[in-house]
Amino acid sequence: MRAGGRQEKVEIGTIVTMDRVKADKDGNIELPAVLHVDGENIISDAKSLAKITVTAEVLENLRGPKIIIQKFKNKTGYKKRQGHRQELTRVKITGIK
C-alpha cells in the first residue's frame, strides 16, 4: 500500500504507523495498492491495481519523537535552535479487496 509518499508491505491485521491522515479515531480510510501478491499471483499493472483498495481502521493520532535542529554561524554570534515533532497516525489493516 502507499501512504504519505511511502510504501509499506501489509497484510490483514498489520498495524502501521504513517504520516498524519485526516480521519477521526475509529474511522476507516482507503489506501491504494502498489503491488498485490496472493500466493501464486502477482499483480503489478496499473489497471488491475486501480480495482484493489486497502481498508484500514484508524487506531490513534500521535506525535513522533522530538528532533532538535541547530544552526550556527562562526564569528557572528548567530545561533538558532528549533524542535520538531512529526504528526503521525497509527492504523490497523482490516481488508484488501
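Quick check: pseudo-label points 7 Å beyond the Cα along Cα→Cβ at Ala23 and Arg6, how many nm apart are they?
If labels sit at Ala23 and Arg6, their model points lie 1.6 nm apart.
At 7 Å along Cα-to-Cβ for each site, give me the label-to-label distance between Glu60 and Ile15 in nm.
Here the answer is 0.8 nm between the modelled labels.
Tell me, how many Å apart are the Cα centres for the range 39-56 and for the range 82-97?
First find each Cα centre; the distance between them is then 22 Å.
Calculated from DSSP H runs of 4 or more alone, at -39500 (n - 2.57) each and per residue, what is the 222 nm mean residue ellipticity of the chain, nearest 500?
-500 deg cm²/dmol
For the chain, calculate the relative contact order in percent as a whole number, restricting contacts to Cα pairs under 8 Å that are 6 or more residues apart.
35
Nearest 20 debye, what's the magnitude of the dipole of the chain about its Cα centre given +1 on Lys and Arg Cβ and -1 on Asp and Glu Cβ?
Result for the chain is approximately 1260 debye, rounded to the nearest 20.
Taking the Cβ of each residue in Leu31, Leu88, Leu62 as the centre, tally the other Cβ atoms inside 10 Å and list the residues starting with the fewest.
Leu62, Leu88, Leu31
Every number in this text was worked out from the coordinates using simple rules, so none of it is lab data. Computed from a prediction, not measured in an experiment: that's the story for all the values here. Glycine gets a Cβ as well: all are built from the backbone with ideal geometry, and neighbour counts include every protein chain shown.
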